[in-house]
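These notes concern the structure reproduced below.
The values are calculated or read from the model by the stated rules, or taken from the named source; none is laboratory data. Just so it is clear, the model here is predicted, and its values are computed rather than measured. Ideal geometry is used to build each Cβ from the backbone, glycine not excepted, and the neighbour counts take in all protein chains shown.
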Amino acid sequence: MSNHDESLGPEGYKVDAVEAWIADNIGGLTPPFQWTRLEGGHSNLTYRLDDSAGRQAVIRRPPQGELLPKAHDMGREWALISSLGPTDVPVPAAYGFCEDPDVTGAWFYVMGMIDGHPLYNADDTNRWVPEAQRPKMAFSFIDVLAALHQVDPDAVGLGDLGKKDSYVGRQLKTWYRSWTSSVEPAQYDDPRAHELQQFFLDHLPDQGPARVVHGDYGPHNVLVGPDCTIAAVVDWEISTLGDPLADLAYALNFWGDPSDAEPILPEAAAAPPGFPTRTELARRYGEKTGRDLSHLDYYVGFNRWKSAAIVHGVYARYCEGKKSTDGIDLDEMRERIARSLTLAEEAVNRL
């Protein structure tokens, strides 16, 4: 959360200009609005809008200041929620997208308000998903991912979302480059990172038809509705076209299985009792999609390796002093890197 003083008005928005744009471009919402800051959603500036008739919507724009060119990509998120609206994938209703930076200094979009809650940790799960409803919630979670991967991107106007060729091959290059360039600042290398990358390159499965992959599909990026099914999928900003099995394996990493050498962390969203096992969720996905999951452990291992590379890069930035280490346990971070590589090895050894 930024230290913006909300009494000065919503951060990043010229209220009069934005409300005038909404009045001109979006039916069914009547300014002025009451603006309420919403948490989550990375550092994007996200507010709930309530109009005088009690109707609600959500507005979202990137954070203020310098941005990486592709970070916080509003156009991408808008393309996804507007294109997936008519499909079986639950997304917020797409109301309007403003590409004129004169209105408030950045692109923004307005979408429907969803009655639901993300699950960031075990406390959220205990609060929003009673134990008896957990199988229903987890199966809904996997069914929604299956529905996404059944969408033909060309048929819904998303054929240009990304390159259609070897998603995993491209990721292996990107994250290996990240690992090797982080070794010196981190003063930390692990031969398994190199061996695993070579293994994944040597055994790259054929990617079937490219599908929309969310890229960060987990309990933290879905909104669980009052009936404990998934009311909407959110945070589409790194989605692209690629291999659905890589997306599936990433999503499965959030769930535990009795065969795990190490159980998932007790504070994790899927740690409370009552959820199906990861094996049951994978089987459910296979039944819904008809996809061959015999190589699933390849993708599980790849995702664990990729997680190690991501955390290694963050760790390197801390070591260089590029990020404040206040409240950061660097030893625990190193352990996470090693643990991810161990889990990658375990997955590969099951193949």
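Side notes on the structure shown:
- Whichever residue in the range 129-144 is among the charged types (D, E, K, R) and more than 20 Å from the chain's Cα centre (by Cα) and, among such residues, is nearest to residue 118 (Cα to Cα): 134
- Complete set of residues in the range 42-57 that are within 17 Å of residue 23 (Cβ to Cβ) and in contact (Cβ under 8 Å) with a residue 24 or more places away in the chain: 47, 49, 55, 56, 57
- Residue within the range 72-94 that is of a type in the set (Asp, Glu), outside the structural domain of residue 33 (by TED's automatic domain parsing) and outside any loop (DSSP other than H, G, I, E, B) present: no
- Residue match in the range 324-340 (condition: hydroxyl-bearing (Ser, Thr, Tyr), touching a helix residue (DSSP H, G or I) at 6+ places or on another chain (Cβ under 6 Å), assigned by TED's automatic domain parsing to the domain that holds residue 221 and in a loop (DSSP other than H, G, I, E, B)): yes
This table checks each residue for (1) at pLDDT 95 or above; (2) among the small types (Gly, Ala, Ser); (3) out of contact with any Pro (no Cβ under 7 Å at 6 or more places or on another chain).
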position: 54; (1), (2), (3): no, yes, yes
position: 59; (1), (2), (3): yes, no, yes
position: 67; (1), (2), (3): no, no, yes
position: 72; (1), (2), (3): no, no, no
position: 76; (1), (2), (3): no, no, yes
position: 82; (1), (2), (3): yes, yes, yes
position: 92; (1), (2), (3): yes, no, yes
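Residue by residue, here is whether (1) of a type outside the set (A, V, I, L, M); (2) surrounded by 14 or more Cβ atoms within 10 Å (Cβ to Cβ); (3) at pLDDT below 95; (4) in a helix (DSSP H, G or I) holds:
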{"site": "140", "(1), (2), (3), (4)": "yes, yes, no, yes"}
{"site": "145", "(1), (2), (3), (4)": "no, yes, no, yes"}
{"site": "148", "(1), (2), (3), (4)": "no, yes, no, yes"}
{"site": "177", "(1), (2), (3), (4)": "yes, no, no, yes"}
{"site": "181", "(1), (2), (3), (4)": "yes, no, no, yes"}
{"site": "197", "(1), (2), (3), (4)": "yes, yes, no, yes"}
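- Condition check for residue 39: at negative phi, in contact with a His (Cβ under 7 Å, 6 or more places away or on another chain) and in a loop (DSSP other than H, G, I, E, B): no
- Those residues of the range 190-214 which are within 20 Å of residue 347 (Cα to Cα) and either in contact (Cβ under 8 Å) with a residue 24 or more places away in the chain or of a type in the set (A, V, I, L, M, F, W, C) (or both), in sequence order: 190, 192, 193, 196, 197, 199, 200, 201, 203, 204, 205, 207
- Among (1) surrounded by 15 or more Cβ atoms within 10 Å (Cβ to Cβ); (2) modelled with pLDDT of 95 or more, the one test that residue 164 misses: (2)
- Residue 168 meets all of the listed conditions (1) in contact with a strand residue (DSSP E or B) (Cβ under 9 Å, 6 or more places away or on another chain); (2) in a loop (DSSP other than H, G, I, E, B) but one, namely (2).
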